[in-house]
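Peer 1: Before I ask anything, here is the structure I am working with.
The values are calculated or read from the model by the stated rules, or taken from the named source; none is laboratory data. Note that the structure is a prediction, hence the values are computed from the model and not measured. Using ideal geometry, Cβ is built from the backbone for each residue, glycine included, and neighbour counts are taken over all protein chains shown. Accessible surface areas use protein heavy atoms only, side chains included; no ligands, DNA or RNA. Shrake-Rupley method; radii C 1.70, N 1.55, O 1.52, S 1.80 Å.
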Amino acid sequence: MHPWVLAKQTHDFIRGQKWEVAVLPFGATEPHNLHMPYGTDNYQVEAIGHRACEKAYQAGAKVLLLPTMPFGVNTNHLLVPGGLALSVTPTTLLAVLTDLVESLEAQGVHKLVLLNGHGGNELKPLTRELHHRTGVFLCVCDWFRMAIDQYPQIFAKPGEHADEVETSLGLAFFPELMQCEKADAGAAQPTRFDAINRGWVSITRPWHLVTTNTGLGDPAAASAEKGRRLMDLVVDRLSSFLIELAQAKMDERFPY
């Protein structure tokens, strides 16, 4: 019955619970090279959120997975030829988050994890905007940062977008939507500025210029087994945090 998934439950069940933590996944709808579906970010973050909430719930934590926000900040994808990325602005994302936080607070949920699955969704500034405007504790988890310390033990050459990492997750958790025989090699075009190429200066990258087909990183070495290894690691780490967060008392020193 998946009692940790709000969208699958009835009012009869939900109203009888005292929810300690809500998890709100953020994804995007955008091209992922030539071999992955447009919903890749949504499928990945939902799979991670579902499994992490399940593990925490089964350990006794009253954790509730909310429906995924399927549209992300993709303003720099809009000139990709034939791309059809569906974009919102950071301002829109803030407005949506503000409304949802107010909804949760009014109904007694005071801990919210923003589970992010799209690099363009820079959510931490939004939590700063809301910090003194809400009694809800907000924190951000970019799932793709959670296990990066273990990437050398799992992946041959991780990249950034529709790469070996994301392709491995796709092969493991939504293989019916993958068309790996069509994959671009994912080479990146450097800018003309050495400081940007070295990471000393950052920009909003125009995706139609930096890549040929929106891939950053070669997916050739991807495998379902690698995807499952990564999923297990991320779920273990995230579920452990959710359990701790659910058990923690909110007082004047929280979260310290």
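Table: residues versus (1) in contact with a Phe, Trp or Tyr (Cβ under 9 Å, 6 or more places away or on another chain); (2) at pLDDT below 95; (3) among the acidic types (Asp, Glu); (4) open to solvent by 20 Å² or more (accessible area, probe 1.4 Å).
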residue	(1), (2), (3), (4)
Ala59	no, no, no, yes
Leu65	yes, no, no, no
Asn74	yes, no, no, no
Gly83	yes, yes, no, no
Asp99	no, no, yes, yes
Lys111	yes, no, no, no
Leu115	yes, no, no, no
Trp143	no, no, no, no
Pro152	no, no, no, yes
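Peer 1: Still on this structure, please answer the following. With respect to Leu171, determine if the residue is open to solvent by 40 Å² or more (accessible area, probe 1.4 Å) and aliphatic (A, V, I, L, M).
Peer 2: yes
Peer 1: Looking at segment 200-235, which of its residues are open to solvent by 80 Å² or more (accessible area, probe 1.4 Å), farther than 25 Å from Gly83 by Cβ and assigned to a loop (DSSP other than H, G, I, E, B)?
Peer 2: Result: Trp200, single match.
Peer 1: Report the residue count in segment 1-36 for those that are surrounded by 23 or more Cβ atoms within 10 Å (Cβ to Cβ) and part of a loop (DSSP other than H, G, I, E, B).
Peer 2: Number satisfying all stated conditions: 6.
Peer 1: While we're on this one: Does segment 111-124 contain any residue that is of a type in the set (Lys, Arg), closer than 20 Å to Gly217 by Cα and touching a residue at least 60 places away in the same chain (Cβ under 8 Å)?
Peer 2: Looking for residues that are of a type in the set (Lys, Arg), closer than 20 Å to Gly217 by Cα and touching a residue at least 60 places away in the same chain (Cβ under 8 Å), one finds none in segment 111-124, hence no.
Peer 1: Name, by its number, the condition in (1) touching a Phe, Trp or Tyr at 6+ places or on another chain (Cβ under 8 Å); (2) buried (at least 19 other Cβ atoms within 10 Å of the Cβ) that does not hold for Gly120.
Peer 2: (1)
Peer 1: So how many residues does segment 37-76 have that are among the β-branched types (Val, Ile, Thr) and in a strand (DSSP E or B)?
Peer 2: Residues flagged as among the β-branched types (Val, Ile, Thr) and in a strand (DSSP E or B) within segment 37-76 amount to 1.
Peer 1: Please state which of the following conditions Arg192 fails to meet, knowing it meets all the rest: (1) out of contact with any Leu (no Cβ under 7 Å at 6 or more places or on another chain); (2) under 28 Å from Thr75 (Cβ atoms); (3) part of a helix (DSSP H, G or I).
Peer 2: Condition not satisfied by Arg192: (3).
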